[in-house]
């Protein structure tokens with residue numbers, strides 16, 4: 001497996017939970033969001049949100065900076081580029097398909 005495949009799989013795995021998608025949308029709307037605000041917005045237990053934040057950080061999708069007694073989270077610019085490039089590459093050019101699925105007739 002190529003190194004880029006491992007990176008893409010890690011990004012996809014990090015995105016594979018609805019709560020993590022909610023967190024990313026929240027951080028897109030409110031950069032520099034404080035951890036407690038994320039817990040309130042997502043509506044899950046602090047420990048659950050902390051685990052989701054840990055997974056997103058480990059995948060490189062977000063950063064967390066300590067600001068006094070709080071941690072401010074933000075999206076990492078360009079973190080999804082490998083995944084979006086891969087998905088874009090999966091779209092075959094028009095007319096390049098070797099076989100086109102036939103629509104099934106409904107009774």
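Compute the angle between helix 18-29 and the longest alpha-carbon principal axis of the chain, please, reported from 0 to 90 degrees and rounded to the nearest 10.
70
So, in nm, how far is label residue 105 from label residue 72 when the simple model puts each one 7 Å beyond its Cα toward the Cβ?
6.5
Which value at 222 nm does the chain reach when only helices count, each DSSP H run of 4 or more adding -39,500 (n - 2.57), with the total divided by all residues and rounded to the nearest 500 deg cm²/dmol?
Result for the chain: -15500 deg cm²/dmol, rounded to the nearest 500.
Working from Cα positions, state the angle (0 to 90°, nearest 10) between the long axis of helix 46-58 and the longest principal axis of the chain.
Result, in degrees: 60.
Report, to one decimal in Å, the Kirkwood hydrodynamic radius for the range 7-95 based on all distinct Cα pairs.
13.8
Return 34, 71, 55 ranked ascending by Cβ neighbour count within 10 Å, so the fewest neighbours appear first.
By the 10 Å Cβ count, ascending: 34, 71, 55.
So for the pair residue 63, residue 45, with labels modelled 7 Å out along Cα→Cβ, what separation do we get in nm?
3.2
Can you tell me the 0 to 90 degree angle between the C-alpha axis of helix 3-15 and the longest principal axis of the chain, rounded to 10?
Helix 3-15 sits at roughly 70 degrees to that axis.
Every number in this text was worked out from the coordinates using simple rules, so none of it is lab data. As the structure is a computational prediction, the values presented were derived from the model and not from experiment. Because the Cβ atoms are built from the backbone with ideal geometry, glycine has one as well, and the counts that use them run over all protein chains shown.
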